[in-house]
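The values are calculated or read from the model by the stated rules, or taken from the named source; none is laboratory data. Source: prediction; values computed, not measured. As a convention, Cβ positions derive from the backbone with ideal geometry for all residues, glycine included, and neighbour counts pool all protein chains shown. Heavy atoms of the whole protein, side chains included, go into the accessibility calculation; ligands, DNA and RNA do not. Shrake-Rupley method; radii C 1.70, N 1.55, O 1.52, S 1.80 Å.
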2 protein chains.
Amino acid sequence: MPEELTNQSAHHVVIIGGGFGGLYAAKSLKNAPVKVTLIDKRNFHLFQPLLYQVATGTLSPADISAPLRGILSNNKNTQVAMGEVLDIDPEQQKLILQNEELNYDTLIVATGVSHHYFGNEQWADVAPGLKTVEDALEMRRRIFMAFEAAEKESNPEKRRAWLTFVVVGGGPTGVELAGALAEIAYSTLKNDFRNIDTTEAQILLLEGIDRILPPYPPELSAKTEASLVDLGVTVRTKTLVTNIENDVVTIRQGEQIEEIPAKTILWAAGVKASRMGQVLAKSTGAELDRTGRVVVQPDLSVAGHPNIFVIGDLANLADKDGKPLPGVAPVAIQEGKYVANLIKSRLTAKSLPAFCYQDYGSLAVIGRNAAVINLPFLRLTGFIAWLIWLFVHIYYLIEFDNKVVVFIQWGWNYLTRKRGARLITGKTSLPLVAVEEASNSRTPLEV
Amino acid sequence: MPEELTNQSAHHVVIIGGGFGGLYAAKSLKNAPVKVTLIDKRNFHLFQPLLYQVATGTLSPADISAPLRGILSNNKNTQVAMGEVLDIDPEQQKLILQNEELNYDTLIVATGVSHHYFGNEQWADVAPGLKTVEDALEMRRRIFMAFEAAEKESNPEKRRAWLTFVVVGGGPTGVELAGALAEIAYSTLKNDFRNIDTTEAQILLLEGIDRILPPYPPELSAKTEASLVDLGVTVRTKTLVTNIENDVVTIRQGEQIEEIPAKTILWAAGVKASRMGQVLAKSTGAELDRTGRVVVQPDLSVAGHPNIFVIGDLANLADKDGKPLPGVAPVAIQEGKYVANLIKSRLTAKSLPAFCYQDYGSLAVIGRNAAVINLPFLRLTGFIAWLIWLFVHIYYLIEFDNKVVVFIQWGWNYLTRKRGARLITGKTSLPLVAVEEASNSRTPLEV
């Protein structure tokens, strides 16, 4: 790394991760008398709440991404570095990267979470999750390839398996995916095929506990379920996935075991902490919770290391009721801003009260014009909720990169019911092997 | 393939390839009393004239693509099939696909061309060409990764190699790529880096003959060269690439040999016919030209096979001066429409005069607000030419999928000088190994 990054005398704040937490920390340090380095493996910030729209062919990756350098271009005290942190040396206050080391005065770790298959990591190949742009393109590929394969399949049983979509996990992402899948099958693609009737597609949303959207109040869960059923989604609660193999999802509901032949299985069930959690545990002795998140102090620092902070999805901080704060963008944003302010305060030898999350409510979209909203003073489903959802996302998306065009795109899609971004790319340049015999354990699309 | 495709009694027209030629042939057969099957390896039509805008981070793949099923959704006599044709049996009038056969009454082959490295196919890895969405994303990745690597490189010589971009081939694609690269380096990224000055980047456009844009009149070539030089591009004509190895491009200008260290080399120099040309030669005895294109009859059919047509870039049909028609969209579109009309005429036992290309002129864009236009009655460069270029592309892009939003996106990019789509995706999720020693023959970015 060039000299500028290591040799200046200003207090050096290093931020690992350019998601909501890391980015808002960097933005909030703009005019502080510090030097900031933001390290990310990717060159762009990803607006993850809309990633399901890439997976389902409405938006392109670039629509919900913004180059980190571009966002921070006017933060003259800030350097963006593409790279991956391998280790932390808290004694020497330095980071070990692939070919270099980097000293810090204050460290902010905001590397988030990835999928979790609860010990069944072999499911990752057959039931992809949704965290990265590449994940979303892979989901998109599988969804639209399934209809192509069904169109070519003359065996009715196999055809049905191609037209069965299983979404595992009834949280916001699962709800959003299932709603979008229903729209794809029953509206977008309705007139596009000649041999199949896409409205015969079956979309299953599976949830382990007794209702979908567990973080929301039960009445909103019930209304959301009703909306999904209206859209054509089959919602099954108290349902656990016990196996995924040979294009069959085995589920257990109470004592009852059932096998569902399905070619497209999307994973929205669980997350685990990114690798930096373990790096921190090893180097600083930080306590991890059972999903690998770092249990932080009330000021978001790591116990015994007041100059190392963990924010965003990777942090486990209890709310008033003792439950960890949810892994959502508003928490990460507020944490990023808080830590930035705390650093600024410390530079003038002041302190700040403990971090306190302001819960302005939560939102999830159900379908083309329905959403669910849980605000402190308002619980809502339906079209008005959808408009509010839209407004909030416009607000944030525009704030970080003036992505005005995305909303014109949305408006256009909304009016035309089109999904212009339903390209099958990547591995799909191969000939369609999906129609080959699928008797072996490998799903044909994986070839 | 399901029965509907093979068992109907209507005259069956099979079109291979959903580019401009194949798509316009299918569209023109909409109300004809025939059954149409359009086969493509991909599920979308690609508006190739704008592919360089994906490669340079202005547009997303979906912005210049449209699902073939969506475009042909209202053509009730038309079936779209994803697949790859392996062989043709003209005796039996059938196609051999991976797992099926398909009978045709009339066959239209419109599978286009791919890159050509003039016998140096090993250059394909180090100097990618631009024909597919994946090609464009790979170019985009290399271009923006190069700046990231330069930012991290402290050795001035290596840094210069990262900031050297060589575009091989001075045709329209090469001119468009070089112009866009200049804008990226000297405008878009100007304020985004802290250790490098992106305006020190060197962009070289190499052309083998004595002027760029050889198909255009010399005066327009000269004006285009002047515009590119204004933008900061170094144009070198009469310059041949003799080797590309170890991140060094070896060029020969007359007797003079020169070695240019460059990490990013983009290939816009040559095309060769797609594999279907050879399949046709083998199965029908069709004559191929030296780039593998099929020499067709005046009605675009293959000699001795009046019910097999070749259109678009894959066809070699001489114009009035005896030169083959250029491989551009307008030729393909007119050929597709012509063959559709010929098929319709034959059904009523009529015939048509030979195909005659109406040349309405050619266009290429130089930079953000300059283009070059060669019309029968008008030769133009500069801003007005750019507006005409824009209008023509709007016209065609909207015609095929109402891609209105793309132009709002363009307008927005134009006003803000942003390139929102400059994501580094795919292989780049790897840590940045680019800064490692590059002493072996494999370029580091290929790892």
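Data table
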| quantity | calculated |
| --- | --- |
| Matching residues, the range B:380-396, being in contact with a strand residue (DSSP E or B) (Cβ under 7 Å, 6 or more places away or on another chain) and surrounded by 15 or more Cβ atoms within 10 Å (Cβ to Cβ) | B:Leu380, B:Thr381, B:Gly382, B:Ala385, B:Trp386, B:Ile388, B:Trp389, B:Val392 |
| Unique match (being within 14 Å of another protein chain (Cβ to nearest Cβ) and buried (at least 22 other Cβ atoms within 10 Å of the Cβ)) among A:Ala110, A:Ala150 | A:Ala150 |
| Positions within the range B:43-65 being touching a residue at least 60 places away in the same chain (Cβ under 8 Å) and within 11 Å of chain A (Cβ to nearest Cβ), in sequence order | B:His45, B:Leu46, B:Val54, B:Gly57, B:Thr58, B:Leu59, B:Ser60, B:Pro61, B:Asp63, B:Ile64, B:Ser65 |
| Filter result (more than 18 Å from the chain's Cα centre (by Cα) and either charged (D, E, K, R) or open to solvent by less than 20 Å² (accessible area, probe 1.4 Å) (or both)) within the range B:32-65 | B:Ala32, B:Val34, B:Lys35, B:Val36, B:Thr37, B:Leu38, B:Ile39 |
| Qualifying residue in the range A:105-117 (condition: among the hydroxyl-bearing types (Ser, Thr, Tyr) and assigned to a strand (DSSP E or B)) | yes |
| Strands (runs of 3 or more DSSP E) lying entirely in the range A:28-68 (those with 3 or more residues that are of a type outside the set (A, V, I, L, M, F, W, C) and in the same structural domain as A:Val13 (by TED's automatic domain parsing)) | A:34-40 |
| Of all residues making up the range A:329-355, the number that are farther than 17 Å from A:Val302 by Cα and not in a helix (DSSP H, G or I) | 3 |
| Residue within the range B:261-280 that is at pLDDT 95 or above, open to solvent by 30 Å² or more (accessible area, probe 1.4 Å) and either assigned to a strand (DSSP E or B) or acidic (Asp, Glu) (or both) present | yes |
| Number of the exception - B:Leu68 against (1) of a type in the set (A, V, I, L, M); (2) crowded, with 24+ Cβ neighbours inside 10 Å; (3) more than 10 Å from chain A (Cβ to nearest Cβ); (4) over 30 Å from B:Ala185 (Cβ atoms) | (3) |
| Search result, residues across the range A:290-340 that are among the β-branched types (Val, Ile, Thr), without any contact (Cβ under 8 Å) to a residue 60 or more places away in the chain, farther than 28 Å from A:Trp389 by Cβ and open to solvent by less than 10 Å² (accessible area, probe 1.4 Å) | A:Val302 |
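Residue by residue, here is whether (1) open to solvent by less than 40 Å² (accessible area, probe 1.4 Å); (2) assigned to a helix (DSSP H, G or I) holds:
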{"position": "A:Phe165", "(1), (2)": "yes, no"}
{"position": "A:Val175", "(1), (2)": "yes, yes"}
{"position": "A:Ile184", "(1), (2)": "yes, yes"}
{"position": "A:Gly208", "(1), (2)": "yes, no"}
{"position": "A:Pro214", "(1), (2)": "no, no"}
{"position": "A:Glu219", "(1), (2)": "no, yes"}
{"position": "A:Leu240", "(1), (2)": "no, no"}
